[in-house]
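Chemist: Please read through the structure below; I'll follow up with questions.
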Amino acid sequence: AKEQGRNRLVHYTAGMETQARERRELEIDLRRGLGNGEFELLYQPQVDIETGAIACYEALVRWNHPTRGTILPGSFIDMAEETGLIVPLGQWVIRAATEAAGRWPDDVRVAVNLSPAQLRDPGLLPCVIQAMASAGLSANRLELEITESVLLEDTEDNLATLHRLRDLGLRISLDDFGTGYSSLNYLRNFPFDKIKIDRCFIEGIEERGDCQAIVSAMITLAEDLGMVITAEGVETVEQLERLRLHGCRQIQGYLVARPLSAALLDAHLGLVNEA
Ligand code: C2E
Ligand code: CA
Ligand code: CA
Ligand code: CA
């Protein structure tokens, strides 16, 4: 048993070393990829259930790695956040998303995900202002999606930054709503323009009474607070019908569209010149 325990320990340590090495390699690779233009934005629509009108496209980053293929944000955003690389990556995302949206019809907005480290970065406001100016995009067409984690630390500073962004005319959305610890308190602390119901509640909305009750309460709450509500991760017609029943107006998910490449999106919007 002792022998076994020791082996297990050795194994564990080796595992941790491998992990640490992999992280260092990922960091170097991320830095290189950023300089190399290996990142791309895909765009997923948020649509009005009743009219089918596209309110907004959410920008979702992808890493087109030269040897590893396409890497999803779930595999590198945390590392980018820990190393601070999220700041230059995030600034690239803001510039690329505003530039793309500058070519879209005036009633279509773009939503960008913002990490906690980006909100703490003093360069964020100048970056946003510059990006909107050079893209010719008015502030009311840019939405920033943040999660509750942003409001967990440095609350005062982060709130001040959010207020400044909002004063500029940007919209602020609360992402992944319902997955944090004290969601309702955040709704009192900041006047969000939109809340996005996390996919985990939508997943269970057909079979589970508790999910239905929670979703229904969230929709009523958002309405009473004068916020737009978007249901995330809608995959089936049954989910859509449930949401409609509960009075939800806006949805995002595979049922409507997968995240689309910028080129595909331009073609959909009729912006591509045939010649
Ligand atoms: P998120 O902001 O909650 O984005 C929604 C995620 O759900 C996206 O995953 C999207 O592709 C996926 N999704 C959309 N509809 C459906 C559906 O019907 N079913 C299922 N199963 N999934 C759906 P993705 O693109 O892999 O992004 C994952 C997370 O990475 C995002 O979650 C966001 O937190 C983060 N992220 C993505 N792009 C950026 C970025 O530019 N900056 C930062 N800071 N974070 C980003
Ligand atoms: Ca969005
Ligand atoms: Ca989001
Ligand atoms: Ca989300």
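Chemist: Residues of region 50-90 being β-branched (V, I, T), in contact with a strand residue (DSSP E or B) (Cβ under 6 Å, 6 or more places away or on another chain) and under 29 Å from H246 (Cβ atoms), which ones?
Modeler: I54
Chemist: Right, here's the next one. Just to verify a result, which residue in region 143-177, among those that are out of contact with any Leu (no Cβ under 8 Å at 6 or more places or on another chain) and within 12 Å of ligand 1 (Cβ to nearest atom), is farthest from A111 (Cα to Cα)?
Modeler: S149
Chemist: Being crowded, with 19+ Cβ neighbours inside 10 Å and within 16 Å of ligand 2 (Cβ to nearest atom) is the requirement here; does V228 meet it?
Modeler: yes
Chemist: Let me ask something additional. Of all residues in region 110-126 being farther than 14 Å from R95 by Cβ and small (G, A, S), which is farthest from ligand 2 (Cβ to nearest atom)?
Modeler: Result: A117.
Chemist: Please tell me if G102 is at positive phi and more than 10 Å from ligand 1 (Cβ to nearest atom).
Modeler: Taking the combined requirement at face value, the residue does not satisfy it.
Chemist: Among strands (runs of 3 or more DSSP E) lying entirely in region 6-106, which contain 3 or more residues that are farther than 24 Å from R171 by Cα?
Modeler: 54-65, 69-71
Chemist: Can you find even one residue in region 176-192 that is within 20 Å of the chain's Cα centre (by Cα), loosely packed, with under 13 Cβ neighbours inside 10 Å and either closer than 22 Å to V87 by Cα or within 16 Å of ligand 4 (Cβ to nearest atom) (or both)?
Modeler: No: zero hits.
Chemist: Further question: Which one of A135, A160 is away from ligand 4 (no atom under 16 Å from the Cβ) and more than 22 Å from A117 (Cβ to Cβ)?
Modeler: A135
Chemist: Of all residues in region 136-155, which are surrounded by 21 or more Cβ atoms within 10 Å (Cβ to Cβ), more than 16 Å from ligand 3 (Cβ to nearest atom) and assigned to a helix (DSSP H, G or I)?
Modeler: Answer for region 136-155, where residues must be surrounded by 21 or more Cβ atoms within 10 Å (Cβ to Cβ), more than 16 Å from ligand 3 (Cβ to nearest atom) and assigned to a helix (DSSP H, G or I): just R141.
Chemist: For region 111-133, check the following and say yes or no: at least one residue is of a type in the set (A, V, I, L, M, F, W, C), in contact with a Ser or Thr (Cβ under 6 Å, 6 or more places away or on another chain), modelled with pLDDT of 95 or more and part of a helix (DSSP H, G or I).
Modeler: yes
Chemist: Are there any pairs, at least 6 apart or on different chains, whose C-beta atoms fall under 7 Å, with the first in region 186-203 and more than 13 Å from ligand 1 (Cβ to nearest atom) and the second part of a loop (DSSP other than H, G, I, E, B), and if so, which?
Modeler: Going by the 7 Å Cβ cut-off, the qualifying pairs are L187/L225; F192/M227; D193/M227.
Chemist: Could you please find all residues in region 140-159 being modelled with pLDDT of 95 or more and either more than 26 Å from A101 (Cβ to Cβ) or among the polar types (S, T, N, Q) (or both)?
Modeler: Selection gives N140 alone.
The values are calculated or read from the model by the stated rules, or taken from the named source; none is laboratory data. This structure is a prediction, so every number in the text was calculated from the model and none was measured. Here Cβ is always computed from backbone atoms with ideal geometry, including for glycine, and neighbour counts include all displayed protein chains.
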